[in-house]
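The values are calculated or read from the model by the stated rules, or taken from the named source; none is laboratory data. Computed from a prediction, not measured in an experiment: that's the story for all the values here. Every residue, glycine as well, gets a Cβ built from its backbone with ideal geometry; the counts of neighbours run over all protein chains shown. Accessible surface is based on the protein model in full, side chains and every heavy atom, while ligands, DNA and RNA are left aside. Shrake-Rupley method; radii C 1.70, N 1.55, O 1.52, S 1.80 Å.
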Amino acid sequence: MTAAIGGFRTNRTFIGDEVNDVFWVESRHTPAMLTLCITGFDVDPTLVTKTIGFEPTSIGRIGEPSPSGRPRTFNGWWHEAEGQRLAGGKQHNDALVRILDNLKGREDRFAELRRSIRPKRVTVYGGLYVPSNQQCGVWLEPDQMKLLAACGVGWGLDLFTAD
């Protein structure tokens, strides 16, 4: 089940009798961007930076106040490629290429991230805004999908009407 909570997107997965909430985004981010999100791990987020070898645009630590003022319930690491609304497939592709440029040659580092830090979620996430009277598409080329898969990175995109 997916829901928006206070402007933040959450993915709720039911496992047995337990409910596990894995927040994709709980920072200043909104769906009006494209961001590499690494969330749901127990170590300090600076260890993610050291492991994968490039800087985040923001981090969050368990217990620190989130933008809503509530204490964070998970650690997170975010690298934002585009902070503005994506209004077309070309803008999405350009932002995705900026993220993929950071992933190239780091496949082993992402494998180490999964082995040693074990985040619950590693994904590229964002939103695409399209006027209701227009058609728009997004695409992933085979080499882009191969790199995302080699790094163990998912991809998600919310679609919105811009009217």
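Computed quantities for the displayed model
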item	result
Test: residue in the stretch 16-23 that is at pLDDT below 95, surrounded by 18 or more Cβ atoms within 10 Å (Cβ to Cβ), in a loop (DSSP other than H, G, I, E, B) and touching a Ser or Thr at 6+ places or on another chain (Cβ under 7 Å)	no
Every residue from the stretch 129-138 that is touching a helix residue (DSSP H, G or I) at 6+ places or on another chain (Cβ under 9 Å) and loosely packed, with under 11 Cβ neighbours inside 10 Å	Gly137
Matching entry among Lys90, Lys146 (being charged (D, E, K, R), over 20 Å from Trp77 (Cβ atoms) and at pLDDT 95 or above)	Lys146
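Rundown of residues vs (1) open to solvent by less than 20 Å² (accessible area, probe 1.4 Å); (2) touching a Phe, Trp or Tyr at 6+ places or on another chain (Cβ under 7 Å), yes/no style:
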residue	(1), (2)
Ile62	no, yes
Arg70	no, no
Gly76	yes, no
Gln84	no, no
Lys90	no, no
